[in-house]
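Here's the structure we're looking at; comments come further down.
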Amino acid sequence: MALEKLDCAGGATSRTESGTILEPAESARRLNMLPVPVALFALVDGRLTIEASNRAFHDAGFALERGPSALVGTLGAEIEGFLASDGDLHDIAWQAGDPVECRHYNVTLARAHHFGRTRCLATLIDRTAEVRTEQHLRREMLTDSLTGLPNRAGFSDRLESMIEAGRAASCAVLVVDLDRFSRVNACLGALAGDELLITVARRIKGALRARDTLARLGGDEFGILMTIDEEAAEADRVAERIRGALATPFRLSDLEFHIDCAIGVAFGTACLDDPDVLIRHAQFAVKRSKTSGLVEAYHPRALTLVHEQFEMETALRRALDNGDLRLSFQPICDLGTGRVMGFEALSRWIDERGIAHPPADFIPVAEESGLIVPLGRWALDKAAATLAEWDARSGGDCGVRVAVNLSAIQLQRDDIASVVERVVESSGLTGERLTLELTESAFITDPDRIARAMHALKEIGCTLAMDDFGTGYSNLAYLQKLPIDALKIDQSFVIGLLADRDKVAIVRAILSLAQALGMKTTAEGVETLELAQTLTALGCTYGQGYAFARALDPDAAYAHLIARNHSSAA
């Protein structure tokens with residue numbers, strides 16, 4: 001539209017490019033055909049002027065009777081810059097009005113040339129409803145619907161704002177994880193659990209400083225974002241106030257619940273650029289807090305250890321798949337005659353880089369990852385197959401048993417009786433040729449399940465031994481009720497026995513108990529013949545240790561068996 005010069009009311013004349021004069025009414029009519037606010041701007045004597053505007057522009061309040069237009073007041077410099085540039089189009093997101101009742105517009109500036117003068121046609125699209133809907137949806141996305149607190153995403157946003165403001169080094173994140181919360185859901189239902197979470201949120205909020213941010217990260221886990229003013233001990237003080245707030249029992253229905261919590265803390269650093277990293281660090285510290293019962297701060301070395309464990313888990317999984325693990329066999333000898341009565345099968349692992357990993361390192365990783373189940377099955381299969389091979393080389397029963405360790409995790413997750421029954425059938429052995437060693441910790445994890453498994457193993461004919469007796473949760477009721485055939489005295493009581501009267505008293509008590517219950521005994525860590533003789537005098541049945549032999553590969557173990565038993569017989 002070729003407009004030359006109109007005032008805000010459209011009262012001046014205008015002419016088309018052909019020179020035809022347009023009456024003011026016609027100019028207004030053409031502008032008013034547009035349903036959105038439109039105004040034509042030009043620079044007249046260095047001053048930004050609205051040459052024409054339509055009725056929608058007036059109704060929106062942008063053309064004032066007195067004083068400059070709100071559009072000129074806020075966007076004047078940007079419009080002047082556009083007129084001075086070479087651009088043809090320019091979009092501006094504009095917010096008009098006070099923060100409470102503001103409206104949002106998308107302003108499009110388009111260049112027009114008429115009669116040697118550059119003009120700018122400004123079109124305004126009202127996006128207020130759209131923006132408010134987006135803001136409402138965003139608030140819902142960032143807010144926990146149950147407690148009204150920020151959720152994980154909202155918490156991350158606030159932490160990211162601190163990082164962008166250059167305040168990462170002065171912030172700390174606390175993660176609070178409730179203990180035994182699942183019991184509330186189990187006893188009283190989900191509604192009671194929700195009520196408890198709301199009450200917990202209120203108590204934690206009351207323990208915080210006014211400027212601290214509380215969020216619900218998910219489930220029964222809460223996060224606190226706090227600013228450290230002077231010293232890291234501020235986070236410890238806040239954590240202790242939280243613990244104090246949760247110490248008072250919670251009353252739900254007719255019951256009182258005591259809810260404890262684990263608290264982990266992670267401190268920001270100047271190089272922090274990802275809010276989720278700091279949250280994960282605090283969550284990692286929570287895991288340590290659950291074990292220690294204390295407020296734990298994140299240490300980088302702890303995460304390094306976890307990474308190393310993950311690497312070991314990956315390598316161990318690959319070793320199981322590739323058949324890279326081996327069994328070694330340590331003789332168990334009769335202390336009275338010196339004959340080899342059996343062997344304990346011990347897992348050995350040398351990885352692809354040639355590094356030997358002791359069982360004390362990789363067995364815990366296998367238990368945590370669940371790899372202990374396939375590892376335990378492999379050890380049973382391999383031990384039984386090796387014993388069957390020795391029988392074949394001897395032309396019959398070679399006269400020894402083989403002992404295999406069973407993990408508490410394996411007993412919980414696997415149908416161990418069926419596994420052993422299959423191993424016995426596939427190897428051609430009888431159940432009596434297998435000794436299964438269980439640690440005391442296995443009995444406390446799930447006593448009923450373990451008892452059923454042990455009775456099933458006894459029906460197969462296996463010998464059951466309690467390993468490392470005296471170092472764990474010794475319970476005489478287990479010895480009385482469960483079908484245990486033998487006790488293995490831990491080497492911590494055997495090594496140094498000759499110079500320690502207390503150890504002598506402990507070993508004598510264990511041997512007396514075993515004798516009263518009709519059980520055999522095996523002493524671990526027998527390193528000298530003198531120690532073996534002392535244990536024999538005390539009444540111990542078998543011995544195992546360097547005094548007899550180290551753990552040997554299958555061929556060396558068989559050769560040791562033949563040599564030692566032949567000499568004993570002679």
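The values are calculated or read from the model by the stated rules, or taken from the named source; none is laboratory data. A quick note: this is a predicted structure, and the numbers were derived from the prediction, not measured. As a convention, Cβ positions derive from the backbone with ideal geometry for all residues, glycine included, and neighbour counts pool all protein chains shown. The accessibility values were calculated without ligands, DNA or RNA, using every heavy atom of the protein model including side chains. Shrake-Rupley method; radii C 1.70, N 1.55, O 1.52, S 1.80 Å.
Scan segment 430-449 for residues that are over 18 Å from ALA385 (Cα atoms) and open to solvent by 30 Å² or more (accessible area, probe 1.4 Å) and jot them down.
THR439, SER441, ILE444, THR445, ASP446, PRO447, ASP448, ARG449
Condition check: small (Gly, Ala, Ser), part of a helix (DSSP H, G or I), touching a strand residue (DSSP E or B) at 6+ places or on another chain (Cβ under 8 Å) and more than 26 Å from GLU308 (Cβ to Cβ). Does ALA442 satisfy that?
yes
For ASP126, are the conditions met, namely being under 47 Å from the mean Cα position of the chain (by Cα) and touching a residue at least 60 places away in the same chain (Cβ under 8 Å)?
Answer is yes for this residue.
Kindly indicate the residue of segment 222-254 that is of a type outside the set (A, V, I, L, M, F, W, C) and assigned to a strand (DSSP E or B) and also surrounded by the most Cβ atoms within 10 Å (Cβ to Cβ) among those meeting that condition.
That would be GLY223.
Can you report the number of residues in segment 340-365 which are without any contact (Cβ under 8 Å) to a residue 40 or more places away in the chain and closer than 28 Å to ALA559 by Cα?
10
Collect the residues in segment 317-328 that are within 22 Å of ALA384 (Cβ to Cβ) and in contact (Cβ under 8 Å) with a residue 24 or more places away in the chain, keeping them in residue-number order.
Within segment 317-328, ALA319, LEU320, ASP324, LEU325, ARG326, LEU327, SER328 meet the criteria.
Can you name every residue in segment 80-123 that is part of a strand (DSSP E or B), among the charged types (D, E, K, R) and modelled with pLDDT of 80 or more?
Hits for segment 80-123 are ASP91, ARG103, ARG111, ARG119.
Look at ALA77 and say whether it is exposed (fewer than 13 other Cβ atoms within 10 Å of the Cβ) and either β-branched (Val, Ile, Thr) or at pLDDT 80 or above (or both).
yes
Inspect all residues belonging to segment 168-185 and state whether any of them is surrounded by 17 or more Cβ atoms within 10 Å (Cβ to Cβ), within 23 Å of LYS287 (Cα to Cα) and charged (D, E, K, R).
Yes - at least one qualifying residue is present in segment 168-185.
Suppose the filter is more than 24 Å from MET141 (Cα to Cα), at pLDDT below 85, touching an Asp or Glu at 6+ places or on another chain (Cβ under 9 Å) and not acidic (Asp, Glu); does LEU252 pass it?
Judged against the criteria, LEU252 is a match.
Filter segment 267-318 down to the residues that are polar (S, T, N, Q), exposed (fewer than 12 other Cβ atoms within 10 Å of the Cβ) and within 25 Å of ARG216 (Cβ to Cβ) and list them by number.
The answer is THR291, SER292.
Any chance segment 379-402 includes a residue that's under 30 Å from the mean Cα position of the chain (by Cα) and not aromatic (Phe, Trp, Tyr)?
There is no residue in segment 379-402 that is under 30 Å from the mean Cα position of the chain (by Cα) and not aromatic (Phe, Trp, Tyr).
Looking only at helices (runs of 4 or more DSSP H) that lie completely in segment 358-429, which have at least 2 residues being surrounded by fewer than 18 Cβ atoms within 10 Å (Cβ to Cβ) and of a type in the set (A, V, I, L, M, F, W, C)?
Filter on segment 358-429 gives 372-394.
Please determine, by comparing only the residues of segment 84-95 that are open to solvent by 20 Å² or more (accessible area, probe 1.4 Å) and of a type in the set (A, V, I, L, M), which one is farthest from the chain's Cα centre (by Cα).
Among them, the one singled out is ALA84.
Test each condition in (1) in contact with a Ser or Thr (Cβ under 8 Å, 6 or more places away or on another chain); (2) within 20 Å of GLY336 (Cα to Cα) for ARG508 and report the one that comes out false.
(1)
Mind counting the residues in segment 96-126 that are over 18 Å from LEU48 (Cβ atoms), in contact with a helix residue (DSSP H, G or I) (Cβ under 9 Å, 6 or more places away or on another chain) and surrounded by fewer than 17 Cβ atoms within 10 Å (Cβ to Cβ)?
The total comes to 2.
Among the residues of segment 142-155, is any within 24 Å of MET226 (Cβ to Cβ) and at pLDDT below 85?
yes
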